[in-house]
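There's a structure below that I have some questions on.
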Amino acid sequence: MMRSANFVRTCLFHNNSVVENVANYGVLWARCESPIGRNVMHCMRRYNAGLPDLLSAKFDAFIWKSVMKNISSEQKQSVCMLYECIMIRDRVFNLPDVYTVTDIENIIMHLCRD
């Protein structure tokens, strides 16, 4: 979804007038009759945002805030643990030699399945 929003913004503010005009027509006039218009409508619906929000330079922060409010504390903790396990596996972080690389990889696989 983020790639789609970034693509739309790139087209709408493109330095080539043909690309910019086609994108403007698709978004502002054709709407659901054009692929780019459908993408914009889908993004707006998904993130409960208006066209100005979608075109704003702060849209990335808007998306982040929208996504973060839908994530539980358990999911956040799982992501933190996954991050730490990956760092241990890649030898950025260290643990006592009680755990093998296979143990850490099994923990990573378990976290990725949940």
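How many angstrom lie between the Cα centre of segment 78-114 and the Cα centre of segment 1-62?
Value for the Cα centre distance between the two parts: 39 Å.
Also, I was wondering about something else. Please list 3J(HN,Hα) in residue order for segment 49-64, calculated via the Karplus relation 6.51 cos²θ - 1.76 cosθ + 1.60 where θ = phi - 60°; whole Hz, with x for glycine and proline.
For segment 49-64, the Karplus-derived couplings read 10, x, 4, x, 5, 4, 8, 5, 5, 8, 4, 4, 5, 4, 4, 4 Hz, x marking Gly and Pro.
Can you run phi through the Karplus equation (6.51, -1.76, 1.60; θ = phi - 60°) for segment 6-14 and list ³J(HN,Hα) in whole Hz, with x for Gly and Pro?
5, 4, 4, 4, 4, 5, 5, 10, 5
Which FRET efficiency value, to the nearest 0.05, is calculated for Glu20 and Arg45 with the Förster distance at 25 angstrom and r the Cβ-Cβ distance? Don't skip to the end; give the middle numbers.
On the way: r = 24 Å, r/R0 = 0.97.
My answer for the efficiency is 0.55.
While we're looking at this one, here's another question. Using the number of other C-beta atoms within 10 angstrom as an exposure proxy, rank Leu95, Leu54 with the fewest first.
Details: Leu95 11, Leu54 22.
Listing Leu95, Leu54 from fewest to most nearby Cβ atoms yields Leu95, Leu54.
Right, next: Applying a 10 Å radius around every beta-carbon, put 71-84, 4-17 in order of their mean neighbour count, most first. Walk me through the numbers before you get to the answer.
Values: 71-84: 11.5, 4-17: 14.5.
The most tightly packed comes first, giving 4-17, 71-84.
Would you kindly derive the ³J(HN,Hα) couplings of segment 19-34 from the backbone phi angles with the Karplus curve 6.51 cos²θ - 1.76 cosθ + 1.60 (θ = phi - 60°), listing them in order in whole Hz, with x for Gly and Pro?
In residue order, the calculated couplings are 4, 4, 5, 5, 5, 4, 4, x, 7, 8, 10, 6, 6, 6, 7, 10 Hz.
Any read-out appearing in this document is the output of simple, stated calculations on the displayed coordinates, not a laboratory observation. The structure presented is a predicted model; accordingly, all values stated were derived computationally and were not measured. For neighbour counting, all protein chains shown are included, and Cβ atoms are generated from backbone atoms with ideal geometry for every residue, glycine included.
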